[in-house]
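In what follows, a single structure is set out as structure tokens and then discussed.
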Amino acid sequence: MTKRYFVTATDTDAGKTLITSALCFELAKKMRVSAFKPISAGCDLIDGELVNEDAKCLFETANMGQTISEVNPIAYQAPIAPHIAAANQNEEITLVDIENHYQNLTDKAPDIIFTEGAGGWRLPIGNGKFLSDFAISTNQQIILVVNMKLGCLNHALLTYEAIKRDGLECVAWVANSYQDMLNIKENFEELKALLPMPCLGFVPKVSSYEQAGEYLNTVTL
């Protein structure tokens, strides 16, 4: 049976792509791995196709022969909130569309699908719906990326509590440290004490998902 993981974060630019790509890269060494980034905004037009840099990383690390549009089916050129980008083009992002694209991946029976969210846990997609509703409807297990900066304790706990209230299991978290933070070791230890799920690793500032993968323990996934 396919394992389904949804990678979310405490805020935007927290390192979801780095960590999701690193997880795909590491697990693809021994498993059939698909990657999914349902929604992106901030894309380049390449040969008539919108290509998001984050989705491109996922495309490079998964090993199920996906196309870039299968990895990232809903893409917008403007680097703004996706539901606003959609409205500007008289379009609508729906859960049904996202779920149908996801089903196409699950039909190919990979061992694992890693879905990278957008923004934080409660990203609006329009009409009162959120990307978290997709994670709920597909009953995915959640991996939380914590952006190690001032305020991360509060952000991590609030995000974890929201996931729990939504009825999903947050099975692991990752500390991503790409910026300077005072007393970072103390904050990391505090998070380990406060969050009840396993920590997959502490990732320092790195230049590639290959390097990030060296700091992750994927045995429990």
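The values are calculated or read from the model by the stated rules, or taken from the named source; none is laboratory data. Bear in mind that the values here come from a model prediction, so they are computed numbers and not experimental data. Neighbour counts run over all protein chains shown; Cβ positions are idealised from the backbone, glycine included. Accessible surface areas use protein heavy atoms only, side chains included; no ligands, DNA or RNA. Shrake-Rupley method; radii C 1.70, N 1.55, O 1.52, S 1.80 Å.
Considering the stretch 125-139 alone, what residues qualify as being in a strand (DSSP E or B) and under 15 Å from A162 (Cβ atoms)? If you could, list the steps in order and put the result at the bottom.
Keep residues of the stretch 125-139 that are in a strand (DSSP E or B), which gives 125-126, 129-130.
Residue satisfying the conditions is F130 alone.
Scanning the stretch 102-119 for residues that are modelled with pLDDT of 95 or more, over 13 Å from L58 (Cβ atoms) and in contact with a helix residue (DSSP H, G or I) (Cβ under 9 Å, 6 or more places away or on another chain) returns Y102, N104, D111. All but one of (1) among the β-branched types (V, I, T); (2) assigned to a loop (DSSP other than H, G, I, E, B); (3) in contact (Cβ under 8 Å) with a residue 12 or more places away in the chain hold for V219, so report the exception by its number. (3) is the only condition that V219 fails. Looking at H101, is it under 29 Å from E189 (Cα atoms) and either open to solvent by 60 Å² or more (accessible area, probe 1.4 Å) or charged (D, E, K, R) (or both)? The answer is no for H101.
Filter the stretch 43-69 for residues that are farther than 19 Å from E210 by Cα and open to solvent by less than 50 Å² (accessible area, probe 1.4 Å) and give the result. Please lay out each step first, then the result.
Step one: list which residues in the stretch 43-69 are farther than 19 Å from E210 by Cα, which gives 43-52, 65-69.
Result: C43, V51, N52, Q66, I68.
Considering K192, K164, K149, which residue is at pLDDT 95 or above, basic (K, R) and not in a helix (DSSP H, G or I)? Testing whether each residue is at pLDDT 95 or above, basic (K, R) and not in a helix (DSSP H, G or I) leaves just K149.
May I ask you to list the residues in the stretch 173-190 that are within 20 Å of the chain's Cα centre (by Cα), without any contact (Cβ under 8 Å) to a residue 60 or more places away in the chain, open to solvent by less than 40 Å² (accessible area, probe 1.4 Å) and under 10 Å from M148 (Cα atoms)? Within the stretch 173-190, A175, S177 meet the criteria. Only one entry of A162, A85, A135, A156 meets the criterion of being under 20 Å from T17 (Cβ atoms) and free of Cβ contacts under 8 Å to residues at least 60 places away in the same chain, and that entry is A85.
Of everything in the stretch 17-38, what is in a helix (DSSP H, G or I) and either of a type in the set (A, V, I, L, M) or over 13 Å from V7 (Cβ atoms) (or both)? Give them in sequence order.
Of the residues in the stretch 17-38, the ones in a helix (DSSP H, G or I) are 17-27.
Within the stretch 17-38, L18, I19, A22, L23, F25, E26, L27 meet the criteria.
Inclusion of I113 among residues that are assigned to a strand (DSSP E or B), under 24 Å from A41 (Cα atoms) and of a type outside the set (D, E, K, R) is warranted. Test N88 against the criterion of being more than 19 Å from the chain's Cα centre (by Cα) and either closer than 30 Å to L194 by Cα or not basic (K, R) (or both), and give yes or no. Answer is yes for this residue. If you go through the stretch 1-16 and keep only what is of a type outside the set (S, T, Y), in contact (Cβ under 8 Å) with a residue 24 or more places away in the chain and either in a strand (DSSP E or B) or open to solvent by 40 Å² or more (accessible area, probe 1.4 Å) (or both), you end up with K3, R4, F6, V7, A9, D13.
Evaluate the stretch 67-79: report whether one residue or more is assigned to a helix (DSSP H, G or I) and acidic (D, E).
yes
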